[in-house]
1. Those residues that are more than 16 Å from ligand 2 (Cβ to nearest atom) and either assigned to a helix (DSSP H, G or I) or out of contact with any helix residue (DSSP H, G or I) (no Cβ under 9 Å at 6 or more places or on another chain) (or both), I need them from segment 199-208; list them, please.
2. Got a sec? Which of Ser117, Ser140 is surrounded by fewer than 18 Cβ atoms within 10 Å (Cβ to Cβ), more than 30 Å from Glu230 (Cβ to Cβ) and either hydroxyl-bearing (Ser, Thr, Tyr) or under 14 Å from the mean Cα position of the chain (by Cα) (or both)?
3. Please count how many residues of segment 71-102 are within 11 Å of ligand 1 (Cβ to nearest atom) and loosely packed, with under 15 Cβ neighbours inside 10 Å.
4. Which pairs have Cβ atoms under 8 Å, sit 6 or more apart or on different chains, and link a residue in segment 109-138 that is part of a helix (DSSP H, G or I) to one that is exposed (fewer than 14 other Cβ atoms within 10 Å of the Cβ)?
5. Picking from Val228, Val211, which residue would you name as being at pLDDT 90 or above, aliphatic (A, V, I, L, M) and closer than 23 Å to Thr42 by Cα?
6. Do we have any residue at all in segment 44-64 that's away from ligand 1 (no atom under 14 Å from the Cβ), part of a strand (DSSP E or B) and either at pLDDT 95 or above or not small (Gly, Ala, Ser) (or both)?
7. Quick one: Gly236 ticks every box in (1) over 15 Å from the mean Cα position of the chain (by Cα); (2) modelled with pLDDT under 95; (3) within 16 Å of ligand 2 (Cβ to nearest atom) except a single one, so which number is it?
Amino acid sequence: MAISRRSLLTGLAAGGGGLLLGGCSENPPTYGNVLRMGDWFTYNAQRLMIPGRPLAREYDRGDITSTIAVGTVNPGNDHEPSFNPEAGPLWARLAANDFRDYALEVTGAVARPGRYSMDALMRFKARTQITRHTCEEGWSAINEWTGVPLRSVLEHAGIKHSARFVKFVSYDALQDSIDMFDALHPQTILAWGMNGVRLPQGHGAPLRARVETQLGYKSMKFLRRIVVTEGFDDGGKFGDIAAGYSWFAGI
Ligand SMILES: Nc1nc2c(c(=O)[nH]1)N[C@H]1C(S)=C(S)[C@@H](COP(=O)(O)O)O[C@H]1N2
Ligand SMILES: [Mo]
C-alpha cells in the first residue's frame, strides 16, 4: 500500500517548499548545527529513496517474543528518571480508575481540536499488526499491536494544509515528533492493545504510539496529547536532541 503523492502533497506542500523539496532551513534536524548534518542526510536520503510507502515487515503470531518494558514503566512514580511532576500525578489518578476518565487531547493545526476518550478511540476501525520493535540500545522484540491508525484520528480532527509534524506529549517528561509522512503511514497507530489484551501499564497504558518505520524510542508511551504543528519543534529539554538522540531514526 502506498500513500499517494497527491495526499502527501496535500499534507505537506503548504507553507513554501514542503519537506521533499525544501532547502536546509526547511529541514528539521539540522537547524544550523553542523554536527547534525548526518541526520539531515539520513532523513533526506530515506525520503528520496522511498517515494512510495513501504510497510515494515509484519510477522506471525508464532514469532511473538517476550518483551520487557523499558524506560518509564510507571509515570506516577516520582523515583522514575523521567518523572514529570506536573503530569505524573494526573496519570496515577487516571490509572487508579482504569483510565475511564482518560482523554487524548488533539490540538494544533487541526480544524477541530478535541479530546478522545478510550471508548471514542476504540470505536475507530482498529488495525492489528505484529511487528519488530528495535531499541536503539541493541535489543529487539516482536509483538502484536492493536490500535487506531494515527491517520484516522488526524483526519477526524481535520488536518490543516499547513500541518507538517505531529508532536507526541507523554505523561512522563518526554516529547517527540514525527513528520506528516510517518504520521500518515498506515502502520503508525495509537495502540491500546498488545498481544490480545489491553496495553499493559509498563508498555504505555492506556495509549502509546507505534511508529514502525523508526527506532523504538520514537514509539512514545503514555500518550497525553498530540499536537499537529506547522514548524519543527525539537521538544526542548523534553526532546530527543537534549537526550542525545537523533530526531530522525528511520529503519
Ligand atoms: N513516554 C515514554 N515513551 C517511551 C519511553 C519512555 O521512557 N517514556 N522509552 C522508549 C524506548 S527507548 C523504548 S525502546 C520503548 C520501550 O517500549 P516497551 O517498554 O514497551 O518495551 O518505548 C519508548 N517510548
Ligand atoms: Mo529504546
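1. Those that are more than 16 Å from ligand 2 (Cβ to nearest atom) and either assigned to a helix (DSSP H, G or I) or out of contact with any helix residue (DSSP H, G or I) (no Cβ under 9 Å at 6 or more places or on another chain) (or both): Leu199, Pro200, Gln201.
2. Sole residue among the options that is surrounded by fewer than 18 Cβ atoms within 10 Å (Cβ to Cβ), more than 30 Å from Glu230 (Cβ to Cβ) and either hydroxyl-bearing (Ser, Thr, Tyr) or under 14 Å from the mean Cα position of the chain (by Cα) (or both): Ser140.
3. Number satisfying all stated conditions: 1.
4. Met118/Arg100
5. It is Val211.
6. For segment 44-64, residues away from ligand 1 (no atom under 14 Å from the Cβ), part of a strand (DSSP E or B) and either at pLDDT 95 or above or not small (Gly, Ala, Ser) (or both): absent.
7. Every listed condition holds for Gly236 apart from (3).
Yes or no, residue by residue, for (1) under 18 Å from Arg57 (Cβ atoms); (2) in contact with a helix residue (DSSP H, G or I) (Cβ under 9 Å, 6 or more places away or on another chain):
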residue	(1), (2)
Val148	no, yes
Ser152	no, no
Ser162	no, no
Val166	no, yes
Asp172	no, yes
Ile178	no, yes
Pro186	yes, yes
Ile189	yes, yes
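The values are calculated or read from the model by the stated rules, or taken from the named source; none is laboratory data. Small disclaimer: the values here were computed from a predicted structure and weren't measured. All Cβ positions, glycine included, derive from the backbone under ideal geometry; neighbour counts span all protein chains shown.
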